Amino acid sequence: MRGVTRALLLAPALLPWCSRAAGQVPDSGALPPPPPRRAAPAWLRPAAPLVLPGAGQLLAHQDRGAVYLAVELYSVARIIQLTHEGERQANRFRDLAFEVARRGFAAARRDTVFEYYETMERFTESGQFDRGPGTAFVPETDTATYNGSVWLLARRTFWTDAAVPPDPMSPEYLRAVQFYQQHAVGPAFVWSWRSKPLEQGVFRETIRRSDDAFRTAQNVVGLLLANHVVSAVDALISSRLSVAVGRRTALHTMLGPVTAVRLSVEF
C-alpha cells in the first residue's frame, strides 16, 4: 500500500514530462522526404539519338521522338527487304547464266565477279579463248563476240595497223597477246545465248531488278543515317535552348522533298 500511494503521488508530476517526451517522438506513419532526383547529364540527350533516333526526345518527354523511332524501324525493315530481294534476283540471274548460256561449256558451276555477268548482257557469245588447233595460241577473231572485241582492241592498241599483223615474235604482237590473255574470258567461263534471245532478255531484266534493289537499299541507308543526325541535332538544339531561355523549347523537323524546321518556345 505504501508503494501504491507513492506512485499515485508521483503520477501528476510525471505527466508533463511524458507529454514533452511524446512530442519529440516522430510519427511512425510519416515517411522521410524522398531524396532529390539527379539530373541527367547534359550530353545524354544529344548523344542518345546517335544510337537510337528519338531517344533524346523521349528522354525530354517530347512526343516527336516516336516519329524518329518509327522512321528508324521502317528504314531497317526496308533495308532488310531490299537486300533480300537483291540477293534473290542475283541468285536467279546466276542460275540463268549457268543453266542456259554456259550449259554445255562448263561441267562444274563456278562463280566470278559481277562484271562478268554485265558482259553477258551485252554480248550474245563470249567466243573462244584459243582458236589454235595445236600448241600455237590463236586469239578469237570474231569481233561480234566478247573475246573477239578484246583482240580487236589489243590490235588497235599495240599494232601499227590492226589489219596487218606484225611478226609473231615481235614485241608489238606479244604485248597484244598478253593484253588479250589478261582481259578475255577463259575456257572455264565461255558462254553463248545463240538461239536463246528470250532467255537473255530475262537475264538482262533480272540483273536490272537486282541492281535496282541494291541501289534503293543504299538510298535508304542514307535516310537511316540522316535520321540519326537530325534527331541528334534536334535534341542538342532543344536542350541548349531550354537552358538558355529557361523555358521548354522544341525544334520540329520534317524530312522529305522539302526539309522544314520550326522552333517553338513555351511561355
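A compact table of results
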quantity: Matching residues, the stretch 203-240, being over 21 Å from L82 (Cβ atoms) and either in contact with a Cys (Cβ under 8 Å, 6 or more places away or on another chain) or surrounded by fewer than 17 Cβ atoms within 10 Å (Cβ to Cβ) (or both); calculated: V229, V233, R240
quantity: Which numbered condition R209 fails, given (1) at pLDDT 55 or above; (2) over 29 Å from the mean Cα position of the chain (by Cα); (3) over 19 Å from P53 (Cα atoms); calculated: (2)
quantity: Selection status of V190, under 26 Å from Q89 (Cα atoms) and surrounded by fewer than 17 Cβ atoms within 10 Å (Cβ to Cβ); calculated: no
quantity: Top-ranked residue in the stretch 32-58 [being in a loop (DSSP other than H, G, I, E, B) and at pLDDT 80 or above; ranked as most open to solvent (accessible area, probe 1.4 Å)]; calculated: L52
quantity: Members of the stretch 102-150 found to be among the aliphatic types (A, V, I, L, M), modelled with pLDDT under 95, under 37 Å from the mean Cα position of the chain (by Cα) and open to solvent by less than 70 Å² (accessible area, probe 1.4 Å), listed by number; calculated: A106, A108
quantity: Test result for R109, basic (K, R) and part of a loop (DSSP other than H, G, I, E, B); calculated: yes
quantity: R92 being touching a residue at least 12 places away in the same chain (Cβ under 8 Å), out of contact with any Gly (no Cβ under 9 Å at 6 or more places or on another chain), assigned to a helix (DSSP H, G or I) and open to solvent by 90 Å² or more (accessible area, probe 1.4 Å); calculated: yes
quantity: Residue within the stretch 78-86 that is within 21 Å of V220 (Cβ to Cβ), among the hydroxyl-bearing types (S, T, Y), surrounded by 20 or more Cβ atoms within 10 Å (Cβ to Cβ) and in contact (Cβ under 8 Å) with a residue 40 or more places away in the chain present; calculated: no
quantity: Whichever residue in the stretch 242-251 is at pLDDT 55 or above and open to solvent by 50 Å² or more (accessible area, probe 1.4 Å) and, among such residues, is nearest to R78 (Cα to Cα); calculated: V243
quantity: Counted residues, the stretch 147-160 - those being in a helix (DSSP H, G or I) and touching an Asp or Glu at 6+ places or on another chain (Cβ under 7 Å); calculated: 4
quantity: Qualifying position, being within 30 Å of A213 (Cβ to Cβ) and either modelled with pLDDT under 95 or assigned to a loop (DSSP other than H, G, I, E, B) (or both), among A66, A77; calculated: A66
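The values are calculated or read from the model by the stated rules, or taken from the named source; none is laboratory data. Note that this is a predicted model, so its numbers are computed, not measured. Don't worry about glycine lacking a Cβ; one is built from the backbone with ideal geometry, like all the others, and counts go over all protein chains shown. Quick note on the areas: whole protein, heavy atoms, side chains included, nothing else; ligands and nucleic acids left out. Shrake-Rupley method; radii C 1.70, N 1.55, O 1.52, S 1.80 Å.
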